[in-house]
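The values are calculated or read from the model by the stated rules, or taken from the named source; none is laboratory data. Source: prediction; values computed, not measured. A quick note on method: Cβ atoms are made from the backbone with ideal geometry, for glycine too, and the neighbour counts reach across all protein chains shown.
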Amino acid sequence: MTDAVAEKSQDRPVETGSDSAVSVSLRNAVKRYGDVTAVDHLDLEAKQGQFLTLLGPSGCGKTTTLRLIGGFEELDEGRVRVAGQDVTRIPPYRRPVTTVFQQYALFPHLSVRKNIEYGLKHGGLNRKEIDSRVTEMMGLMEIPEMGDRRPRQLSGGQQQRVALARALVMKPPVLLLDEPLGSLDYKLRKGMQFELKRIHREVGATFVYVTHDQEEAMTMSDRIIVMRDGQIEQDGRPKEIFDAPKTSFVADFIGDTNLVDGTVTDSRDGFVTVDLGALGRVRGTSEAGLASGERARVSIRPTDVRVIATKGQGAVVTDAVLAGTHIAMKIKAGENEVTAHVPRGSSPSPGETVLLEVESERVRVFEAESE
Ligand SMILES: Nc1ncnc2c1ncn2[C@@H]1O[C@H](COP(=O)(O)OP(=O)(O)OP(=O)(O)O)[C@@H](O)[C@H]1O
Ligand SMILES: [Mg+2]
């Protein structure tokens with residue numbers, strides 16, 4: 001079947017026009033390694049100039065997806081298109097994309113400058129233009145005085161920035177980035193996130209960015225694709241993914257949340273009330289079509305929890321620590337444990353009994369996970 005599709009598409013002329021706003025697309029992409037299906041019938045689309053992030057836990061298929069787009073792996077099924085062209089059978093070096101790999105490979109025998117300018121040499125630029133672009137890029141990456149060093153004379157984070165500079169200096173229409181900030185320390189990573197976002201805006205290229213860091217994905221992306229076991233779990237704008245996760249997997253992966261199980265007691269107009277036993281009742285939104293009496297899993301952000309002190313009934317506060325602007329409190333009832341971030345001053349102390357009071361659109365109610 002794959003061959004039939006391949007033959008048919010070769011007969012067709014290269015499509016542009018209506019498709020031109022789409023920069024990268026995967027259709028029904030499958031990649032298997034032996035028994036493992038690393039990418040499992042995945043459909044993905046990045047619009048021209050978009051910052052698209054693939055987010056998910058280790059092993060969910062992010063790198064493989066990127067390698068399929070870059071041409072470093074061949075699809076078992078499906079098609080890849082870049083800039084309106086079907087590139088499924090086209091080798092990596094002829095695809096209009098540049099990749100920054102998770103294991104960035106610098107040329108060990110070349111200086112930092114030579115590494116960065118490597119790809120520019122065949123681009124028709126003169127020496128002066130090349131030098132000025134490389135110098136600009138080294139400044140941007142905060143490695144200005146390291147041009148003459150060899151990669152082994154740099155720290156891991158510095159090497160990573162050289163790899164990034166080497167890709168960005170090409171100003172490619174599509175840039176594929178696989179955890180490019182992974183080995184930087186917290187402060188530098190934050191700074192680089194800001195820089196990368198700025199560079200993205202300036203160059204207008206399509207970025208397909210891979211990370212397992214949800215905060216990084218939230219701050220940088222126009223769109224996030226949350227992956228799980230080679231498939232798309234949810235695809236949307238950062239705010240949608242955060243405020244309206246479609247599954248408890250997404251809720252758990254994006255941002256701090258509490259996942260607690262209970263029983264639906266009321267369900268109408270998209271709002272669902274769930275009895276959490278000794279923890280109390282919560283009301284939130286759901287698309288799961290749950291009816292009264294059904295088991296449900298509820299996602300509650302710590303910042304949305306309100307805590308009502310009771311005398312003798314309810315859940316027990318097991319811990320309360322000052323976390324700067326708020327108090328982080330742990331509340332336990334049977335198997336369920338919840339973290340709450342409550343304002344300073346008014347909060348109950350460890351050992352006291354409380355009930356939760358939460359009613360928010362951000363509280364999301366899902367079907368209970370079958371165990
Ligand atoms: N060359 C390979 N041979 C065999 N299995 C592979 C190969 N490459 C990846 N896999 C498997 O495919 C799955 C997806 O791997 P992939 O590298 O895409 O994950 P990832 O989401 O990038 O993870 P991480 O966050 O750890 O980098 C994993 O189960 C992995 O073990
Ligand atoms: Mg990876």
> Filter the stretch 207-238 for residues that are small (Gly, Ala, Ser) and within 13 Å of ligand 1 (Cβ to nearest atom); which is farthest from the chain's Cα centre (by Cα)?
Replying inline: 230
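Would it be correct to say that residue 118 is at pLDDT below 90, hydroxyl-bearing (Ser, Thr, Tyr) and either within 16 Å of ligand 1 (Cβ to nearest atom) or not assigned by TED's automatic domain parsing to the domain that holds residue 64 (or both)? Spell out how you get there, then give the answer.
Values: at pLDDT below 90: no; hydroxyl-bearing (Ser, Thr, Tyr): yes; either within 16 Å of ligand 1 (Cβ to nearest atom) or not assigned by TED's automatic domain parsing to the domain that holds residue 64 (or both): yes.
No.
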> Right, residue 188: in the same structural domain as residue 61 (by TED's automatic domain parsing) and within 16 Å of ligand 2 (Cβ to nearest atom) or not?
Replying inline: no
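Mind listing just one residue for me: the one in the stretch 254-269 that is outside any strand (DSSP E or B) and either among the aliphatic types (A, V, I, L, M) or surrounded by 21 or more Cβ atoms within 10 Å (Cβ to Cβ) (or both) and, of those, farthest from the chain's Cα centre (by Cα)?
First pass over the stretch 254-269, keeping only residues outside any strand (DSSP E or B): 254-257, 269.
Subset that is either among the aliphatic types (A, V, I, L, M) or surrounded by 21 or more Cβ atoms within 10 Å (Cβ to Cβ) (or both): 254, 257.
Numbers: 254: 9, 257: 17 Å.
Only one residue fits best here, namely 257.
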> Is the stretch 301-317 home to any residue that is under 24 Å from residue 347 (Cα atoms), touching a Lys or Arg at 6+ places or on another chain (Cβ under 7 Å), crowded, with 21+ Cβ neighbours inside 10 Å and in contact (Cβ under 8 Å) with a residue 60 or more places away in the chain?
Replying inline: yes
>> Could you tell me how many of the residues in the stretch 172-196 are of a type in the set (D, E, K, R), within 25 Å of residue 57 (Cβ to Cβ) and in contact (Cβ under 8 Å) with a residue 40 or more places away in the chain?
In response: 2
> Of the residues that sit in the stretch 171-184 and are within 14 Å of the chain's Cα centre (by Cα) and either crowded, with 20+ Cβ neighbours inside 10 Å or assigned to a strand (DSSP E or B) (or both), which one is farthest from ligand 2 (Cβ to nearest atom)?
Replying inline: 181
> Taking the stretch 318-336 on its own, how many of its residues are without any contact (Cβ under 8 Å) to a residue 40 or more places away in the chain and assigned to a strand (DSSP E or B)?
Replying inline: 12
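For the stretch 217-253, name all the residues that are of a type in the set (Gly, Ala, Ser) and either free of Cβ contacts under 8 Å to residues at least 60 places away in the same chain or not in a loop (DSSP other than H, G, I, E, B) (or both). Before you say what the answer is, go through the steps one by one.
As a first pass, look at the stretch 217-253 and keep what is of a type in the set (Gly, Ala, Ser): 217, 221, 230, 236, 244, 248, 251.
Residues satisfying the conditions are 217, 236, 248, 251.
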> Among 33, 104, 93, which is more than 16 Å from ligand 1 (Cβ to nearest atom) and aromatic (Phe, Trp, Tyr)?
Replying inline: 93
> Of everything in the stretch 166-188 that's within 16 Å of ligand 1 (Cβ to nearest atom) and charged (D, E, K, R), which residue is modelled with the highest pLDDT?
Replying inline: 178
